[in-house]
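The values are calculated or read from the model by the stated rules, or taken from the named source; none is laboratory data. Values in this document were obtained by computation on a predicted structure and should not be read as measured data. Using ideal geometry, Cβ is built from the backbone for each residue, glycine included, and neighbour counts are taken over all protein chains shown. Ligands, DNA and RNA are excluded from the accessible area calculation, which covers all protein heavy atoms including side chains. Shrake-Rupley method; radii C 1.70, N 1.55, O 1.52, S 1.80 Å.
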Amino acid sequence: MHVHHHGGEPPSGPGAGQSRRGFLRTAALAGAGAAALGAVGATPAFATEGSDGSASGWSDGVGRWRPDAESPQFTLAVMPDTQFLYWGSQNSINRDPQEESFRYVINNSGSDSGNNIVFMSHLGDLTQDADASSFKEVGKAFDLLDAHDVAYSVVAGNHDVSGDDTRGSTPYLQTLGPQRFKRAKTFAGSDPSGYNTAHIFRAGGQEWLLLAMDWRISAQGFAWANQFIRDHPKLPVIVTTHEIVGSLYDDNVYPYQYGDADDNAGFSAYGDQVFQKLIANNDQVFLTLNGHYWPPGRTTRQNAAGNDVHLHITNYQNRYFGGAAMLRLYHFDLARNTIDVETVAPWILAQDPDKRSTLAARQARLTTPVDYFSMSLDFRQRFAKFAPVPVRSPRPADKLLVPGTLAYWRFDGGGANGTPVAGDLKIRDLSGHGNDLTVQPAGAPVPGSLRGQVSKVTVSAENAPNEVAVNLKDGNPSTKWLAFARSGWVAYQLAKPVAVVSYLLTSANDAPGRDPRDFTLQGSNDGNAWTDLDPRTGQTFTGRLATNTYTFTNTTAYGYYRLNITANSGEPLVQLAEWDLGDGSNHALTWSDDYHPDQPGHASLSFAGGKNPLHGAYLTTAANAPLNAETFARGYTIEAFLKIPLDWDGTNNAWMAVLGRRGKASDAGKSGRNTDPQEPVATLSISNNGREPQFNCYPLNQTYPTTNWGHGLPEDTWWHVAVVNDGKHTVMYVEGSPVVDNPSTESTGITSLGLPWLLGGHEYGGNIDQIFHGWIGDVRIVNRPLSVEQFLTGK
């Protein structure tokens, strides 16, 4: 960063005359990615303190550089402007802070360090004066990294060089040019000038490309960088340079008045050029890091492909001891799809806490939202266009029949995606033991309910906040829509146009005089012009919470449907509990090509079940199936893949069973603590409390149940759930991880009344009372405990 100087004039970049406050007063953001804020200019000089000259309390020990390249957790260390440590023309040199940061980088490589630093990038302005004497000392500091084979990159800042990258030889290039990296395994090349370099490092089991670009990139520099990216089309790219974005707030008070911490930076005029010439059209670039300006800030812009690019400015030269060579640590966690960012000062952390100065103590770790934060980033999705993750191939069923397999059901080789499972179809038990499944309907048939496709509800009037129109699609007749009028309308917008041929209306809980009497179902393609589809007059309901079904002929797919009520049954108010549209197809149980990425079979069954009223279809073993009598006295492993949809509702879908065994606990002679005499002897279900998986089982050796509880399962995500019993204790696993609530109660086997097993159906009091809503994939039952490595997800 350009500051005021005493003595010789150092090199400086464009726009050095405008003040920081002037920039803040005049800057204005343009549209996404196209902002040109003007140059951020000079800030008053930072009065550097002299070094105390003492190394007491510092750690001089250096370990071994040993990054774990395969761990899904790794760290990119970033060091911004360290210029005030190297002002050789003023006889002011302080290598200690930077060398201590370098020791920190080395000692925090490797997974057991907790950080697993795999690469370090310096963002430029290594010196204050670009003097050869300064770079001589910088070179000595970087010798520490070279001596330990550390993977790193550097860029030149405006205090290191002048002009663009065609400038020729400089002390910077002589000290930190490509020749310095000739032994580095991560060095991938440089442009002809030597000021722009490429580095490829391995982390998280894959390779990453980091471009270290000059302070001012020439046309040939841009051309080289673009070509290098094209030559490595599958690598995610991080761009580091000295200037792209600057923060949109000032540093006049601390803690900073930083505004929106996630969007408080904007392009400089030059930074916008970098974005347009190097970043916008290269979808592989997902993160840029620059120094130069202060305070820290960040923003997000979309590239030409419509994907986010994260742009960060980090610089601490305005802080105590010129920033003390602070490190910004980007902790990548590929398993969590998150980058956690923190800022530390190793030179200060290495000092005896009791001997730190007041200012040093304040700067050991920075924890404001601009220095300590997390970024959500779905790495697979973000990189999918240029580096799609290979799909795991399906595995033959016979390879999954481990010794002791009693039943194995999977659904590949069935019907086309979205087509109904035929009612007379038998789904074979692939273990060969004859535990085949047949389809059983439950409750009223589902005439192609479109409840899950309603994306928006509009209404003529409603009684907020409780008796509102959205209640009409919640599947719960105990809620309702009410309007203070004898007429009114409600409209649904669907996720996509559908040809509706039926609809259901459910009366509300009270006052029959409020029921709709005369109404017309209408369709529209734009929500404005309506076509009458089914007019009705003189309609009545048989009672409260009663459902009427209406069918009509229609072949046109509309994106909007409206129930236009022109008269009610006499009272001043109109109300209705449920309104459901149907396309006439059988959605109760359908084939699906959706599956868990580690599932052997690449298919599943889609269950459209629930209650209020009970509806859907489930699968059951035959009355004489061998599995019905099995008691698992020596242990068992039960595995299932499942996915819960976004329209899952606790009122209608709670306690839906993935898998269960028929037979009431009371009929099995069970009693005692936590016993419900009406519940089945074994069931793997999804609770009403945050969609938690629960395995409730009455073992052979107890009169009461043992219950394993998992954590809440987010919707629209595939999960693998396993229950393992070793003959004495039962443990539930989710995605191969043991859950917290696994009881220590001794539990042997599973009580049997010789009755069938159910897939997707839940029994209570001897009757089916709930049907699964969502997807179920492969299911396997083994008569012995398996290790996690032996699960269906095993590699």
Extended-chain gain in nm, criterion 0.36 nm per residue less alpha-carbon gap, ASN466 and ASN417: 13.8 nm
Descending Cα extents along the principal axes, region 218-330, whole Å: 45, 27, 26
Zone of LEU614's modelled label, taken as backbone nitrogen in region 649-667 under 18 Å from a point 7 Å along Cα→Cβ: 651-667
Descending semi-axes in whole angstrom, ellipsoid equivalent of region 143-302, from the Cα gyration tensor: 26, 19, 17
Rough spin-label spacing in nm, given labels placed 7 Å along Cα→Cβ, for TYR704 and SER671: 1.4
Cα-based convex hull, region 404-491, per residue volume (Å³, whole number): 177
Gyration tensor verdict on region 632-688 (Cα atoms; rounded if a/c is under 1.5, prolate if a/b is larger than b/c, oblate otherwise): oblate
ARG662, ARG517, ranked by accessible area, largest first (probe 1.4 Å): ARG517, ARG662
Whole-number D in µm²/s for region 555-631 (Stokes-Einstein; Kirkwood sum over Cα pairs; 4 °C, 1.567 mPa s): 72
Under 21 Å from the Cα of LYS480 - lysines, other chains or at least 8 residues apart: LYS456, LYS611
Mean Cβ count within 10 Å, highest first, over the residues of peptides 244-255, 181-192, 467-478, 323-334: 323-334, 467-478, 244-255, 181-192
Ordering of 502-511, 587-596 by packing [mean C-beta count within 10 Å, highest first]: 587-596, 502-511
Calculated FRET value between SER169 and ARG365, using beta carbons and R₀ = 30 Å, to 0.05: 0.15
The chain: calculated mean residue ellipticity at 222 nm from DSSP helix runs of at least 4, using -39500 (n - 2.57): -2500 deg cm²/dmol
Residue-span extension gain [ASP594 to THR458] - 0.36 nm each, minus C-alpha spacing: 45.8 nm
Extended-chain gain in nm, criterion 0.36 nm per residue less alpha-carbon gap, ASN688 and ASN91: 207.8 nm
Inter-part distance where region 279-314 and region 210-267 are each reduced to a Cα centre, Å: 6
Volume in Å³ per residue [convex hull over Cα atoms, computed for the chain]: 210
Residue-normalised accessible area of the chain, expressed per residue, 1.4 Å probe, Å²: 38
Mean separation of Cα contacts under 8 Å (6+ apart) over length of the chain, as relative contact order %: 10
Label-point gap, in nm, between ASN281 and SER787 - each point 7 angstrom along Cα→Cβ: 5.4
C-alpha center-to-center spacing [region 636-682, region 749-772] in angstrom: 7
Radius ratio Rg over Rh of region 95-183, counting only Cα atoms, Kirkwood formula for Rh: 1.00
Region 590-722, relative contact order [Cα under 8 Å, separation at least 6], %: 22
Translational D in µm²/s for region 736-795 (Stokes-Einstein at 10 °C, 1.306 mPa s, Kirkwood Rh from C-alpha pairs): 105
Net charge, ASP726 excluded, C-beta distance under 10 Å - Lys, Arg +1, Asp, Glu -1: +3
Subset of LYS234/LYS643; LYS182/LYS385; LYS385/LYS473; LYS277/LYS385 violating a 26 Å alpha-carbon distance limit: LYS234/LYS643; LYS182/LYS385; LYS385/LYS473
Fraction of beta bridges assigned by DSSP in region 238-383 that are antiparallel (%, nearest 5): 75
Virtual paramagnetic centre 7 Å along Cα→Cβ of ARG634, amide N under 14 Å, in region 370-413: 403-406
Span from the region 64-86 Cα centroid across to the region 423-498 one, whole angstrom: 53
